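These notes are about the structure you will find just below.
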Amino acid sequence: MNSKQQIQENAYSRPYHWFIDKKTKGGRDYFGYLGICLSFLNLYDKETARVLDAGCGDGRYLDELKKYGIKNIFGLDYSERATTFSKIFVPEAMVVTADL
């Protein structure tokens with residue numbers, strides 16, 4: 001593991017996106033961004049759409065996609081620890097560890 005990967009791994013000591021409080025400024029920003037992204041999906045059929053979350057981290061957005069009704073969800077992240085969290089929290093998603 002190179003130093004860049006080690007920094008990324010260390011950032012995922014816990015699945016921090018799952019603990020964001022919607023009432024904080026950071027939470028409003030984060031969930032506002034998620035809402036904007038989800039609104040674009042209205043242009044697609046939820047049954048046939050295929051969505052890749054490049055940089056999926058701990059899978060928080062993948063879970064939102066699942067709740068929204070997207071059937072084909074994929075995640076990719078540089079951090080093996082992050083993708084492990086994604087696989088645990090969103091087993092419906094196909095998640096891989098890779099460098100973009």
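The values are calculated or read from the model by the stated rules, or taken from the named source; none is laboratory data. These numbers come from a predicted model, not from an experiment. No Cβ is skipped: glycine too gets one built from the backbone with ideal geometry, and neighbour counts run over all protein chains shown. These accessible areas exclude ligands, DNA and RNA; they are computed on the full protein's heavy atoms, side chains included. Shrake-Rupley method; radii C 1.70, N 1.55, O 1.52, S 1.80 Å.
General remarks:
- Checking the stretch 47-56 against the condition returns a match, with at least one residue being modelled with pLDDT of 90 or more, touching a Lys or Arg at 6+ places or on another chain (Cβ under 7 Å) and under 19 Å from MET94 (Cα atoms).
- Residue count for the stretch 36-71 under the criterion of being charged (D, E, K, R) and within 14 Å of the chain's Cα centre (by Cα): the result is 7.
- Residues (open to solvent by less than 60 Å² (accessible area, probe 1.4 Å), of a type outside the set (Phe, Trp, Tyr) and farther than 24 Å from PHE40 by Cα) located in the stretch 57-100: SER79, ALA82, THR83, ALA98
- Selection status of LEU34, touching a helix residue (DSSP H, G or I) at 6+ places or on another chain (Cβ under 7 Å) and open to solvent by less than 40 Å² (accessible area, probe 1.4 Å): yes
- Per-region count, the stretch 58-85, residues out of contact with any Asp or Glu (no Cβ under 6 Å at 6 or more places or on another chain) and either acidic (Asp, Glu) or closer than 20 Å to ALA11 by Cβ (or both): 9
- Matching residues in the stretch 1-29 - criterion: being polar (S, T, N, Q) and open to solvent by 80 Å² or more (accessible area, probe 1.4 Å): SER3, ASN10, SER13
- Qualifying helices (runs of 4 or more DSSP H) (wholly inside the stretch 23-100; at least 1 residues being touching a residue at least 40 places away in the same chain (Cβ under 8 Å) and under 26 Å from GLN5 (Cα atoms)): 60-68, 80-89
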